[in-house]
Amino acid sequence: MSVVPESRTGGPELAQERRLLTEVPGPRSRELHARRTASVAGGVSSVLPVYVAAAGGGVLVDVDGNSLIDLASGIAVTSVGNAAPEVVSRVQDQVAAFTHTCFMVAPYEGYVEVCEQLVELTPGGHAKKAALFNSGAEAVENAVKVARVHTGRDAVVVVDHAYHGRTNLTMAMTAKNMPYKQGFGPFANEVYRAPMSYPFRDGLTGAEAAARTIDVIDKQVGAGNVACFVIEPVLGEGGFIVPAPGYLPALAEYAAAHGIVFVADEIQSGMCRTGAWFASEHEGVVPDLVTVAKGVAGGLPLAGVVGRAEMMDAVHAGGLGGTYGGNPVGCAAALGAIATMRELDLNARAREIEALLVGRLRDLAAANPVIGEVRGRGAMIAIEVVQPGTTIPDAAMAARLSAGCHQAGVLTLTCGTYGNVLRFLPPLVAPDHLLHEAMDVLAQVGAATL
Ligand SMILES: Cc1ncc(COP(=O)(O)O)c(C=O)c1O
């Protein structure tokens with residue numbers, strides 16, 4: 001039985017159903033797509049070019065009247081649902097009051113309140129402070145700025161399969177070349193990459209994988225040169241990789257012993273997505289700095305860096321900020337989203353979703369040897385698609401399964417360094433019946449595709 005009342009999953013007017021009135025995409029979407037092609041840069045692509053007219057709960061309704069089951073949440077953003085009532089009402093009030101002053105010019109309470117909430121919700125009872133920005137990449141850039149000023153060191157260590165964004169520094173920190181980096185160099189320097197724990201592929205324990213990572217840092221960078229170690233506690237774009245138990249704590253311990261700032265990039269994994277406020281909690285890790293974005297503001301652009309007060313305060317006045325960082329409307333949305341997460345206990349809901357999806361996917365995997373592994377935490381769940389009986393990635397099969405789901409009205413995403421991971425990121429307010437239906441569709445697509 002879901003902890004989320006049906007009345008909060010998308011509002012009364014948006015039926016929580018999969019409904020196909022046309023092929024996907026339908027004629028009106030195709031018309032819009034033709035228009036788009038004439039004026040929108042080709043470098044900006046869309047996974048599924050159905051043009052959205054409304055969204056809420058666990059569905060997206062397109063301009064042709066099709067209602068698709070949403071297993072993407074706009075890439076882990078609309079955790080509280082699209083147009084969540086508490087987000088909408090607070091945003092409406094804020095927009096009517098004032099839209100922008102720039103916090104660096106004339107401040108306002110919403111920014112302070114969001115920082116207070118983030119300080120409270122992030123792991124650890126030590127003194128913390130926060131600063132707000134526009135996007136995840138911007139938060140990562142600012143975490144690095146804070147770590148460099150605090151330590152007086154330059155080097156940034158990241159891991160294989162990492163994704164941290166598309167700005168120049170975060171492209172350097174991101175592992176995968178296509179599509180994120182190809183042709184966009186030269187990249188920021190003083191970024192070093194170490195091996196990651198990837199249990200399905202390396203078979204190492206957390207301790208063994210951490211020793212391998214640390215060895216590379218010691219030999220190739222030198223611990224005394226490292227400002228920060230930046231890692232996603234559950235890797236997102238890199239393939240929903242959950243490191244082996246003990247890996248993250250061992251690295252946090254190593255960082256603490258060498259004066260390295262341990263930064264948890266929780267942009268995708270944070271804010272209830274994995275069944276905890278932050279995924280670091282699953283391993284009892286208390287990061288020095290945490291980056292937050294995506295789910296924090298229910299669909300409005302807002303990001304933050306939260307961490308040890310003495311680190312955050314190391315930066316001189318005026319060194320952090322930006323015209324729109326912590327915009328009042330984004331802050332209002334965040335306060336509405338956080339209130340919704342608390343009220344509906346979306347951490348508990350994410351754990352329910354994990355049980356449902358993992359149960360259904362394990363049944364599917366038992367009958368389909370192309371599913372090499374079912375993994376993830378909370379409502380951040382994936383299957384890794386391989387050639388049967390091997391760990392050889394099968395990206396073409398993952399793409400066929402995803403495309404089959406799209407045709408049948410289920411919006412899925414792929415990810416992974418090898419492009420062979422099919423991931424499921426439903427809004428946390430999506431009702432059980434839609435999640436079961438999505439899994440039924442995947443099973444049918446699988447049966448037809450394999
Ligand atoms: C872990 C992680 N870090 C950083 C980013 C970049 O965030 P944004 O796209 O808001 O710049 C993302 C986005 O997918 C992410 O998943």
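The values are calculated or read from the model by the stated rules, or taken from the named source; none is laboratory data. Since the structure is predicted, the reported quantities are computational estimates derived from the model, not experimental observations. With ideal geometry, Cβ positions are generated from the backbone for all residues, glycine too; neighbour counts draw on all protein chains shown.
Tell me, which residue of segment 120-139 that is in a helix (DSSP H, G or I) and either among the small types (Gly, Ala, Ser) or farther than 18 Å from Gly321 by Cβ (or both) is farthest from the ligand (Cβ to nearest atom)? Give the steps one after another, and end with the answer.
From segment 120-139, those in a helix (DSSP H, G or I) are 120-121, 136-139; that's our starting set.
From what's left, either among the small types (Gly, Ala, Ser) or farther than 18 Å from Gly321 by Cβ (or both): 120-121, 136-137, 139.
Numbers: Glu120: 22, Leu121: 18, Gly136: 2, Ala137: 3, Ala139: 7 Å.
Only one residue tops the list, namely Glu120.
One line per residue, one yes/no per condition, for (1) closer than 22 Å to Gly81 by Cα; (2) surrounded by fewer than 23 Cβ atoms within 10 Å (Cβ to Cβ); (3) among the hydroxyl-bearing types (Ser, Thr, Tyr):
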| position | (1), (2), (3) |
| --- | --- |
| Glu384 | no, no, no |
| Pro393 | no, yes, no |
| His406 | yes, yes, no |
| Leu413 | yes, yes, no |
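Please state which one of Gly183, Gly239, Gly259, Gly246 is in contact with a strand residue (DSSP E or B) (Cβ under 7 Å, 6 or more places away or on another chain), at positive phi and modelled with pLDDT of 95 or more.
Details: Gly183 fails: in contact with a strand residue (DSSP E or B) (Cβ under 7 Å, 6 or more places away or on another chain); Gly259 fails: in contact with a strand residue (DSSP E or B) (Cβ under 7 Å, 6 or more places away or on another chain); Gly246 fails: in contact with a strand residue (DSSP E or B) (Cβ under 7 Å, 6 or more places away or on another chain).
Answer to the check: Gly239.
Out of segment 257-292, which residues are over 23 Å from Asn347 (Cα atoms) and either under 19 Å from the mean Cα position of the chain (by Cα) or in contact (Cβ under 8 Å) with a residue 12 or more places away in the chain (or both)? So that I can check it myself, show each step before the final result.
Narrowing segment 257-292 to residues over 23 Å from Asn347 (Cα atoms): 257-262.
Passing the criteria: His258, Gly259, Ile260, Val261, Phe262.
Considering every residue within segment 153-161, establish whether at least one is of a type in the set (Asp, Glu) and within 16 Å of the ligand (Cβ to nearest atom). Even if it seems obvious, please write down each step before you answer.
Quick first cut of segment 153-161, residues of a type in the set (Asp, Glu) only: 154, 160.
Checking which are within 16 Å of the ligand (Cβ to nearest atom) leaves us with 160.
Yes, because at least one residue in segment 153-161 is of a type in the set (Asp, Glu) and within 16 Å of the ligand (Cβ to nearest atom).
Can you name the condition, by its number, that Phe184 falls short on among (1) closer than 30 Å to His100 by Cβ; (2) more than 12 Å from the ligand (Cβ to nearest atom); (3) assigned to a loop (DSSP other than H, G, I, E, B)?
Of the numbered conditions (1) closer than 30 Å to His100 by Cβ; (2) more than 12 Å from the ligand (Cβ to nearest atom); (3) assigned to a loop (DSSP other than H, G, I, E, B), the odd one out for Phe184 is (1).
Looking only at segment 140-160, count every residue that is part of a helix (DSSP H, G or I) and of a type in the set (Lys, Arg) and tell me the total. Please lay out each step first, then the result.
At the first step, the residues of segment 140-160 found to be part of a helix (DSSP H, G or I) are 140-151.
With the extra rule that they be of a type in the set (Lys, Arg), the set shrinks to 145, 148.
Looking only at that region, the number is 2.
Could you please find all residues in segment 98-154 being aliphatic (A, V, I, L, M), crowded, with 22+ Cβ neighbours inside 10 Å and in contact (Cβ under 8 Å) with a residue 40 or more places away in the chain?
First pass over segment 98-154, keeping only residues aliphatic (A, V, I, L, M): 104-106, 112, 114, 118-119, 121, 127, 130-132, 137, 139-140, 143-144, 146-147, 149.
Imposing the further condition that a residue be crowded, with 22+ Cβ neighbours inside 10 Å reduces the set to 114, 118, 130-132, 137, 139-140, 143-144, 146-147.
Within segment 98-154, Val114, Leu118, Ala130, Ala131, Leu132, Ala139, Val140, Ala143, Val144, Val146, Ala147 qualify.
Can you say whether Ala408 is in contact with a strand residue (DSSP E or B) (Cβ under 8 Å, 6 or more places away or on another chain), touching a residue at least 40 places away in the same chain (Cβ under 8 Å) and closer than 19 Å to Arg360 by Cα, as far as the supplied structure shows?
no
Condition first: assigned to a helix (DSSP H, G or I) and either in contact with a Ser or Thr (Cβ under 8 Å, 6 or more places away or on another chain) or surrounded by fewer than 19 Cβ atoms within 10 Å (Cβ to Cβ) (or both). Now tell me which residues in segment 161-180 satisfy that.
Looking only at segment 161-180, we keep the residues that are assigned to a helix (DSSP H, G or I), and these are 168-173.
Hit for segment 161-180 is Asn168, nothing else.
Pull up segment 163-192, narrow it to residues that are under 20 Å from Ser269 (Cβ atoms) and among the charged types (D, E, K, R), then point me to the one that is farthest from the chain's Cα centre (by Cα).
Lys176
Quick one: Cys272 ticks every box in (1) within 13 Å of the ligand (Cβ to nearest atom); (2) surrounded by 24 or more Cβ atoms within 10 Å (Cβ to Cβ) except a single one, so which number is it?
The single condition Cys272 does not satisfy is (1).
Restricting attention to segment 202-234, and to residues there that are in contact with a helix residue (DSSP H, G or I) (Cβ under 8 Å, 6 or more places away or on another chain), more than 16 Å from the ligand (Cβ to nearest atom) and outside any helix (DSSP H, G or I), which single residue is farthest from Glu141 (Cα to Cα)?
Here the answer is Leu204.
For segment 162-171, what are the residues that are within 11 Å of the ligand (Cβ to nearest atom) and in contact (Cβ under 8 Å) with a residue 24 or more places away in the chain?
The first filter runs over segment 162-171 and keeps only residues within 11 Å of the ligand (Cβ to nearest atom), leaving 162-167, 170-171.
Ala162, Tyr163, His164, Gly165, Arg166, Thr167, Thr170 - these are the residues of segment 162-171 that are within 11 Å of the ligand (Cβ to nearest atom) and in contact (Cβ under 8 Å) with a residue 24 or more places away in the chain.
Would you check which residues across segment 37-58 are surrounded by 14 or more Cβ atoms within 10 Å (Cβ to Cβ), over 17 Å from Gln407 (Cβ atoms) and not small (Gly, Ala, Ser) and list them?
Val52
Scan Phe184, Phe240, Phe229 and give me the residue that is surrounded by fewer than 16 Cβ atoms within 10 Å (Cβ to Cβ) and touching a residue at least 12 places away in the same chain (Cβ under 8 Å). Quick ask: steps written out before the conclusion?
Details: Phe240 fails: surrounded by fewer than 16 Cβ atoms within 10 Å (Cβ to Cβ); Phe229 fails: surrounded by fewer than 16 Cβ atoms within 10 Å (Cβ to Cβ).
Sole residue among the options that is surrounded by fewer than 16 Cβ atoms within 10 Å (Cβ to Cβ) and touching a residue at least 12 places away in the same chain (Cβ under 8 Å): Phe184.
Go through segment 108-146 and give me each residue that's small (Gly, Ala, Ser) and more than 22 Å from the chain's Cα centre (by Cα).
Initially, segment 108-146 is screened for residues small (Gly, Ala, Ser), giving 110, 124-125, 127, 130-131, 135-137, 139, 143.
Within segment 108-146, Gly110, Gly125, Ala127 meet the criteria.
Tell me the residue from Met380, Met439, Met397, Met341 that is within 30 Å of Leu132 (Cα to Cα) and either surrounded by fewer than 24 Cβ atoms within 10 Å (Cβ to Cβ) or out of contact with any strand residue (DSSP E or B) (no Cβ under 9 Å at 6 or more places or on another chain) (or both), please. Step through it out loud before you land on a result.
On the way: Met380 fails: either surrounded by fewer than 24 Cβ atoms within 10 Å (Cβ to Cβ) or out of contact with any strand residue (DSSP E or B) (no Cβ under 9 Å at 6 or more places or on another chain) (or both); Met439 fails: within 30 Å of Leu132 (Cα to Cα); Met397 fails: within 30 Å of Leu132 (Cα to Cα).
Only one candidate qualifies: Met341.
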